[in-house]
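J.: Attaching a single structure in structure tokens format; questions to follow.
Where a number appears in this text, it was derived from the coordinates with a stated rule and is not lab data. Since we're looking at a predicted model, the values are computed, not measured. Glycine gets a Cβ as well: all are built from the backbone with ideal geometry, and neighbour counts include every protein chain shown.
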Amino acid sequence: MRYTIILAVLGLVQSVFAQKQTPQEYIELYKDLSIIEMHRSGVPASITLAQGILESNSGNSRLAKFANNHFGIKCKGEWTGNVIYANDDAPDECFRAYESVLLSYQDHSNFLRKSWRYQPLFELKTTDYQGWCQGLQKAGYATNPQYDAILISLIERYKLNQYDDASMPGTGFPFITLGETINGVPVKIAKPGETVSTIAEDNYVRDKHIRKWNDLEDGEQIKAGDIVYLKPKRRSGSEEKHIVAKGEDMHYISQKYGVKLKQLYRKNHMETGEEPKAGEVIYMQKKRDSDDEIETAKKDPMWGKEEKDVFVNPNSIPKKTDPNTKIPAAPEKIDIKIPEFHLVEKGDNIYRIAEKYHIFEEDILDWNPDLNPNTMRVGQRINLKKLDNNTVKSTPPKPVESLSDEEVKKISAKITVNGAVFHHVVKGDTLYNICKRYNVTEEQLKKWNKLDTINIQLGQKLQVSE
């Protein structure tokens, strides 16, 4: 089967499609990206595609168009990137916004991989799509009680499970340019078998230019999944700062944000070749204060080597690592000592108790048959384990019935984030840039916000869609 690799690294404005995509078109566009993500993270390609179809209405939802968010992920946890606001379960909820669809797919995989709620899923085979769907439902990915049923229906209707045992997309296939950019600089994602020379030839530039623009030393090669810049990176980033995660180095940060490596070193008062410790903050726009010295990591013989079973972004994998590896092992479980019971404290609810002990709300309700989550009182005893084998029987997975096309459409409409989109004015915003970003006119903004004139102010909330 001939695959056309399309890794759509689309800007916020470029992702606004002129016509609605069909589910089949969505699958054709992103199937290879979902397979690559499966080999990177262990999330089955069928699950990624089904959730993308459902959560983004095949890429047609407002959240997908304006924020490249294809999976409805909200601003939870340690998210420090761009955000967008839209009406969902509650008015004006905060959602993650991405510079590209590629970053949305990667963050979706990371989100599942890093949360304790989804860790049991990675012990399943990638071909067990029903188990994955039921696990997502139990873990609370969505509140709709038929979430697992609709995912299974989508997978079976479009035969998405055919991609769950697929190898990495092959070599020698044409690359289709869709105007991919990061920080306003054109990029592409390296395919298996591509080299500096082949990319240079395909883009009518010299090898030395690709090496210079991507800070590659002589003889250093790219690998599948690498971001490759086709023009010089910028002196500053679109983001003000970046918090260094484990496994990240200065070259990775430079490639991720499209900022020249030399400029990153200068802005952070670092010597070329130094690497920051995990948790340090890297400035990408203005220079850090001279007395704000960054703590650097010491290199040792094991520097840069991937630890066993540690989830690592593909662009931070050491250069000699083979990208065509098998599906990653399940993430290491966090060991938490769980007592026999919990006494309810002020401010507790069933979700907070579940998060504290890494126990699903569904199990807590099973182990406490008389518990009403809405009437918990301070001092109430909540069992955190089965009292004995005969006390409470675990509820078996419910059978999933096939859904009709009409049922799928009805449920999809409730799940897809398609409410009005809002923008909160931040420092540096202008009326022109806001209109350009959301592909709207000043007259539309006046109409939607019931204003005669628009003089934007810091912190102002503007509706930017119907």
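J.: Under 13 Å Cα to Cα from Lys159, which aspartates and glutamates show up? Leave out anything in the same chain fewer than 8 places away.
T.: Here the aspartates and glutamates satisfying the reach criterion relative to Lys159 are Glu28.
J.: For region 341-383, what class follows from the C-alpha gyration tensor (a ≥ b ≥ c being the square roots of its eigenvalues): rounded when a/c is under 1.5, otherwise prolate if a/b is larger than b/c, else oblate? It would help to have the intermediate numbers written out before the result.
T.: Numbers: a/c = 1.55, a/b = 1.14, b/c = 1.37.
Taking the square roots of the gyration eigenvalues as a ≥ b ≥ c, region 341-383 is oblate.
J.: If you don't mind, another one. Within region 83-164, report the trypsin sites (Lys or Arg not before Pro) that DSSP leaves as loop and that have at most 13 other Cβ atoms within 10 Å. Please list the in-between numbers first.
T.: Working: sites: Arg96, Arg113, Lys114, Arg117, Lys125, Lys138, Arg157, Lys159; in loops: Lys125, Lys159.
Passing sites in region 83-164 are Lys125, Lys159.
J.: Can you sort Ser254, Ser290 by how many other beta carbons sit within 10 Å, fewest first? Show your work: numbers first, answer last.
T.: Values: Ser254 24, Ser290 7.
In increasing order of surrounding Cβ atoms, one gets Ser290, Ser254.
J.: Let me ask another. Cut-off is 10 Å between beta-carbons; in what order do Thr48, Thr375, Thr195 appear when sorted fewest neighbours first?
T.: Numbers: Thr48 26, Thr375 7, Thr195 14.
Lowest to highest Cβ neighbour count: Thr375, Thr195, Thr48.
J.: Rounded, prolate or oblate: pick one for region 23-163, where a ≥ b ≥ c are the square roots of the eigenvalues of its C-alpha gyration tensor, a/c under 1.5 means rounded, and failing that, prolate if a/b is larger than b/c, else oblate. Present the calculation step by step, with values, prior to reporting the outcome.
T.: Numbers: a/c = 1.42, a/b = 1.29, b/c = 1.11.
Here region 23-163 falls in the rounded category.
J.: Which length gain, in nm to one decimal place, applies between Asp165 and Asp202 when the Cα-Cα distance is subtracted from 0.36 nm times their residue separation?
T.: On the way: separation 37, 0.36 × 37 = 13.32 nm, distance 3.09 nm.
Result: 10.2 nm gained on full extension.
J.: Quick check: from the Cα gyration tensor, does region 189-316 come out rounded (a/c under 1.5), prolate or oblate?
T.: Working: a/c = 2.09, a/b = 1.36, b/c = 1.54.
Verdict is oblate for region 189-316.
J.: Let me ask another. Straight-line reach from Lys138: which aspartates and glutamates have a Cα under 18 Å away, not including same-chain ones fewer than 8 places off?
T.: Answer for Lys138, where 18 Å is the Cα cut-off: Glu55, Glu123, Asp128, Asp148, Glu355, Glu361, Glu362, Asp363, Asp366, Glu401, listed by chain and number.
J.: Where does each of Asp291, Asp226 land when they are ranked from fewest to most other beta-carbon atoms within 10 angstrom? If you can, show how the numbers build up before the last one.
T.: On the way: Asp291 6, Asp226 22.
Result, fewest neighbours first: Asp291, Asp226.
J.: Any of Lys65/Lys260; Lys231/Lys262; Lys114/Lys287; Lys223/Lys267; Lys260/Lys286 with alpha carbons more than 24 Å apart? Name them for me. Could the numbers behind the result be given before it?
T.: Working: Lys65/Lys260 29 Å; Lys231/Lys262 16 Å; Lys114/Lys287 32 Å; Lys223/Lys267 29 Å; Lys260/Lys286 14 Å.
From the list (Lys65/Lys260; Lys231/Lys262; Lys114/Lys287; Lys223/Lys267; Lys260/Lys286), the Cα-Cα distance tops 24 Å for Lys65/Lys260; Lys114/Lys287; Lys223/Lys267.
J.: Among Gly219, Tyr229, Pro192, which residue has its Cα positioned farthest towards the positive end of the charge dipole of region 189-316, with +1 placed on the Cβ of Lys and Arg, -1 on the Cβ of Asp and Glu, and the dipole taken about the Cα centre?
T.: Tyr229
J.: Roughly how many Å is it from the Cα centre of region 225-301 to that of region 59-75, as a whole number?
T.: That distance is 28 Å.
J.: Once amide H atoms are built 1.01 Å from N in the peptide plane, which residues 5 or more positions from Ile222, or in another chain, come under 5 Å H to H?
T.: HN-HN under 5 Å from Ile222: Val196.
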